[in-house]
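J.: One structure is given below, represented as structure tokens, and several questions about it will come after.
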Amino acid sequence: MPDLSDNILTERGLPPSGAGRVLVVACGALAHEIVALKSLNGWDHLDLQCLPAILHNHPEKITDAVVAAVEEHRADYARVFVAYADCGTGGYLEAACKKLGVEMIRGPHCYAFFEGVDAFEQRGEITSFYLTDFLARQFDAFVWKPLGLDRHPQLLEMYFGHYETLVYMAQTDDPALTAKAEACAERMGLTFERRFTGYGELATALANA
Amino acid sequence: MGERKKNALFLAKDSFMAEDDEIILSELNDEELVEQMFDDLYDGLKEEIEEGVNILLGRGWAPYRVLTEALVGGMTIVGKDFRDGILFVPEVLLAANAMKGGMAILKPLLAETGAPRVGKMVIGTVKGDIHDIGKNLVSMMMEGAGFEVVDLGINNAVEAYLEALEAEKPDILGMSALLTTTMPYMKTVIDTMVEMGIRDDYIVLVGGAPLNEEFGKAIGADAYCRDAAVAVETAKEFCARRHNQMNA
């Protein structure tokens, strides 16, 4: 069983493991959910490799990191699937995947495919800030500290002054995590909304991987 | 930060110290004060910047000179260190906030004293996007460089840009986006300008974290500006070229 501690998923990711014939190259922020889906569905044909989730904060580095991972391991597998959405790469990841001949997940971000991309886009929310289970657990590492809010709380208004709501897209029913997400909203001065999404289109994408 | 700290240490060690090691800004000569203001801007000390601005004005400095030599000079160092990976976004924002404090004092005085005007810009974040940190930095640095800036704020539909162009008759239209989902809207604005036959009446500059030069070219902008300092330089260059063409 790989080490799924959040700090490792954030900073280092996971090397490929298992004896499957399909490699899933995923964002570390999706590791828990993919492992849960594998277990739930008996998808032993899927091996999981995770890139450091903190790339989320540096989307310009995601495409190169994914391409390197696919190229390094594709000879060992019958197929590779990329468990990323666009994730701020501005279409570069999609173009790279097309060039590599590998599939990826549709949509702008993980929270969009958790909810369902069409439903997410239909809402047209522009003043909402989103957390998933992983991001709720790693709020300090992904939001508070990189933005310097631990040292300079006076910057909050400059960063989030136009936001209104923190939407917690919940993959699991975890009251403690819901409370944590709500506390994040309070720290940001935003109203709180919880939407249970389950695994959404991550499940359907992996079922076809 | 090492480079900027040296000056403060030098001042503290040598002669301008109060007993509790505080630097008394009013006791510094002009050159030392400007150097100290660079340090204070770097450290995001808004009150100290406001005090420095008032001291220089009190000594008879023209508002435009305070702006360019003390504030813009200091922010240029901040911008350079940001580009070089020495400073990060939070520190730049603190510096910008300090500069904003100084600008608030200078702005009405600049209007009164008829400071030189390099050009005029209408700027706004595109429809669907509420992020304005980069745009605000560009606005401030453009104002610091002598541009008149009309800031349309966030979430601007094409109609808002067109109305502002018509009403303000600027040299430059600036558009900003932080999201990959909203940046294509810049093309909608530019395409509409082309359809209306007004595209070439304006210099169109675009910026925002997910953009790049290739995107700027693809949508028909005149230039992509990767940060506020580049935006100022690009705007100056295009305006100079434009004025030369008009005078030719």
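J.: Using a 1.4 Å probe on the heavy atoms of the protein chains only, list every residue of segment A:58-91 that has 20 Å² or more less accessible area in the complete assembly than in its chain alone.
T.: A:88, A:90
J.: Mean separation of Cα pairs under 8 Å and 6+ residues apart, divided by the residue count of chain B: what relative contact order is that in percent?
T.: Over chain B, the number comes to 15 percent.
J.: Nearest 20 debye, what's the magnitude of the dipole of the protein assembly as shown about its Cα centre given +1 on Lys and Arg Cβ and -1 on Asp and Glu Cβ?
T.: 1240 debye
J.: Under a 10 Å cutoff between Cα atoms, tell me which one of B:226, B:199, B:59 has the largest fluctuation in the Gaussian network model of chain B.
T.: Maximum fluctuation in the GNM of chain B, among the listed residues, is at B:59.
J.: Could I ask something else about it? Just the number, please: carbon plus sulfur as a percent of the accessible area of the protein assembly as shown, 1.4 Å probe, no ligands or DNA/RNA counted.
T.: Here it works out to 52 percent.
J.: So what's the gap between the Cα centers of segment B:180-248 and segment B:60-101, to the nearest angstrom?
T.: Answer, in whole Å: 24.
J.: Go through B:135/B:187; A:145/B:217; B:135/B:217; A:145/B:120 and tell me which ones have a Cα-Cα distance over 29 Å in this structure.
T.: Check vs 29 Å cut-off fails for A:145/B:217; A:145/B:120.
J.: Over 32 Å between Cα atoms, which of A:38/A:180; A:61/B:80; A:38/B:127; A:99/A:180; B:46/B:169 qualify?
T.: A:38/B:127; A:99/A:180; B:46/B:169
J.: As a test of reading the structure, rank B:100, B:135 by solvent-accessible area (1.4 Å probe, protein chains only), most first.
T.: B:100, B:135
J.: Using a/c under 1.5 as the rounded threshold, could you call segment A:1-121 rounded, prolate or oblate? The axes a ≥ b ≥ c are square roots of the C-alpha gyration tensor eigenvalues, and prolate needs a/b larger than b/c, oblate otherwise.
T.: In terms of gyration-tensor shape, rounded.
J.: Report, to the nearest 10°, how far helix A:31-41 tilts away from the longest principal axis of the Cα atoms in chain A, using its own Cα long axis and a range of 0 to 90°.
T.: Helix A:31-41 sits at roughly 60 degrees to that axis.
J.: Related question: Using a probe radius of 1.4 Å on protein heavy atoms only, what is the accessible area buried between chains B and A, both sides summed, to the nearest 100 Å²?
T.: The B and A chains share an interface burying roughly 1400 Å².
J.: Longest exposed-loop-site-free stretch of chain A, with GluC sites (Glu not before Pro), DSSP loop and at most 16 other Cβ within 10 Å?
T.: Longest site-free region, per DSSP loop and neighbour criteria: A:1-124.
J.: Label-point separation (nm) for residue B:24 and residue A:183, each offset 7 Å from Cα along Cα-to-Cβ?
T.: Going from the residue B:24 label point to the residue A:183 one covers 4.8 nm.
J.: Please state the charge dipole magnitude for segment A:112-196, taken about the Cα centre, from unit charges on C-beta atoms (+1 on K and R, -1 on D and E), reported in debye and rounded to the nearest 20.
T.: The calculated dipole for segment A:112-196 is roughly 280 debye.
J.: What number comes out for accessible area per residue over segment A:112-196 if the probe is 1.4 Å? Units Å², please.
T.: Accessible surface, normalised per residue, equals 45 Å².
J.: In segment B:90-105, what residues drop by 20 Å² or more of accessible area when the other protein chains are put back, versus the chain on its own? Use 1.4 Å, and skip ligands and nucleic acids.
T.: For segment B:90-105, once contacts with the other chains are taken into account, B:90, B:91, B:93, B:94, B:97 lose 20 Å² or more.
J.: On a 0 to 90 degree scale, rounded to 10, what angle separates helix B:46-58 from the longest Cα axis of chain B?
T.: 80 degrees
J.: Could you tell me the accessible area of residue B:64 in Å² (1.4 Å probe, neighbours in place), rounded to the nearest ten?
T.: 70 Å²
J.: From the backbone phi of segment A:168-182, what are the Karplus-calculated ³J(HN,Hα) couplings (6.51 cos²θ - 1.76 cosθ + 1.60, θ = phi - 60°) in whole Hz, Gly and Pro given as x?
T.: 9, 8, 8, 8, 10, 8, 9, x, 5, 6, 4, 5, 5, 5, 5
J.: Quick one: Karplus J couplings for segment B:141-150, per residue in order, coefficients 6.51, -1.76, 1.60, θ = phi - 60°, nearest Hz, x for Gly and Pro?
T.: Karplus-based 3J(HN,Hα) across segment B:141-150 equals 5, 5, 4, x, 8, x, 8, 8, 10, 10 Hz.
J.: Right, something else. Taking only protein heavy atoms into account and a 1.4 Å probe, give the accessible area per residue of segment A:40-81 in Å².
T.: In whole numbers, segment A:40-81 has 51 Å² accessible per residue.
J.: Next up: Taking accessible area as the heavy-atom solvent-accessible surface of the protein chains with a 1.4 Å probe, which residues of segment B:131-170 lose no less than 20 Å² upon going from the isolated chain to the full protein assembly?
T.: By number: B:131, B:132, B:133, B:154.
J.: Roll a 1.4 Å probe over the protein chains and send me the accessible area per residue for chain B in Å². Numbers along the way, then the final one.
T.: On the way: 11620 Å² over 248 residues.
I get 47 Å² per residue for this part.
J.: For chain B, take the longest principal axis of its alpha carbons; what is the angle in degrees between that and the long axis of helix B:158-168, to the nearest 10 within 0 to 90?
T.: The angle comes out at about 70 degrees.
The values are calculated or read from the model by the stated rules, or taken from the named source; none is laboratory data. Because the structure is predicted, anything quoted here is derived from the model rather than measured. Glycine also receives a Cβ, built like all others from the backbone with ideal geometry; neighbour counts cover every protein chain displayed. Protein only, heavy atoms only, side chains kept; ligands, DNA and RNA dropped before computing areas. Shrake-Rupley method; radii C 1.70, N 1.55, O 1.52, S 1.80 Å.
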